[in-house]
1. Ignoring ligands, DNA and RNA, what percent of the 1.4 Å accessible area of segment 195-241 is carbon and sulfur?
2. Order these peptides, 72-84, 245-257, by their mean beta-carbon neighbour count within 10 angstrom, highest first.
3. Over segment 119-229, with the other protein chains present, what is the accessible area per residue in square angstrom, probe 1.4 angstrom?
4. Contour minus end-to-end for ILE77 and ARG127, with contour as 0.36 nm per residue of separation and end-to-end as the Cα-Cα distance?
5. At 1.4 Å probe size, with the rest of the protein present, what percent of the exposed accessible area of segment 32-175 is carbon and sulfur atoms?
6. What does the charge count near TRP131 come to, summing +1 for each Lys or Arg and -1 for each Asp or Glu among other residues with Cβ under 9 Å from its Cβ?
7. Distance between the C-alpha centers of segment 66-131 and segment 180-253? Whole Å please.
8. Charges at C-beta only: +1 for Lys and Arg, -1 for Asp and Glu. How large is the resulting dipole of segment 184-223 about its Cα centre, in Debye rounded to 20?
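The values are calculated or read from the model by the stated rules, or taken from the named source; none is laboratory data. Values in this document were obtained by computation on a predicted structure and should not be read as measured data. Note that we place each Cβ from the backbone using ideal geometry, even for glycine, and neighbour counts take in every protein chain shown. Side chains included, ligands, DNA and RNA excluded: accessible areas come from the protein's heavy atoms. Shrake-Rupley method; radii C 1.70, N 1.55, O 1.52, S 1.80 Å.
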Amino acid sequence: MGAPVKNSSSDGEWTVVLPSKRRQGRRKPKPKVHEEEEKPWKSDDLEVDIQRQARLKKKMESSIKKLESSKFYTALIEQLKSPEVSDQFRLVLGTETQLQMVVYGIGSIEAYESPRFQLSIAVLMKREFDWVGNIEVFDPILSATESSVIESMGCTVLSVNEQARREALKPTLFFMPHCEANLYNNLLQANWRVDRLCRIALFGNSFQMYEEQVTVDPEVIRATKRIIAARRITREFAIETVSDDYFPAFHDSSWHFFSSGLDSELPLLVSEGS
């Protein structure tokens, strides 16, 4: 059975496709190629429903508890604490003590379990590591009720759809599980200079997977152009899903870090255009 699609608001913002549970072969994330300008966002659902809010809080608490006691989470924390990955985060931090976390495209935490697991990882990382700072969250489909629950967990829900074009003016972890290719492309384009890329840690779809799946389709090429170019300066660490429970939420996901030692190559990549 196909994976559910998390549709955007009526303003035609993002579409985020949840991965299939089937393991036969790698699933190709559909790149969405049309882009929108940044603009203030308001959910169509403007009222907080107290009963739904209470139910959703319980669902989130359950997801956090289940995830925290899982082998998947244990393996993830071990990976983050390993010298090779922790050293990458230290390079991103530089002289700063914390990096902010920006969560894009999380989807409906009320409708689906996978987004709840994804958000749970962000919350648990903040609890586990003192170098994780404030968490900002945006998805155009979030309802007022969902936003209120997210804020009750210590996060900030953004009011502007940045289309993932946030400039990394300070160390930032962009947490973008199973987002569309054009959003990763937007993020890279907005930060296509050494002093910004070196401030970015990115959790999202494997760039290596995109490179392996590049096609002759012009729209796909445009949507993945920066991703493919960035492979030359990216260190990638794949996530092990460990069990089927977490496969839909995290399969084919990786941590990505960008080298600060290839200054001479970036102007050549920029010349390819936006």
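1. Accessible surface attributable to carbon and sulfur in segment 195-241 totals 49 percent.
2. Order by mean packing, descending: 245-257, 72-84.
3. That works out to 32 Å² for each residue.
4. Residue separation times 0.36 nm, minus the Cα-Cα distance, leaves 16.8 nm.
5. 48 percent
6. Cβ neighbours under 9 Å give a net charge of -1.
7. After rounding, the separation between the Cα centres reads 17 Å.
8. So the magnitude is around 300 debye.
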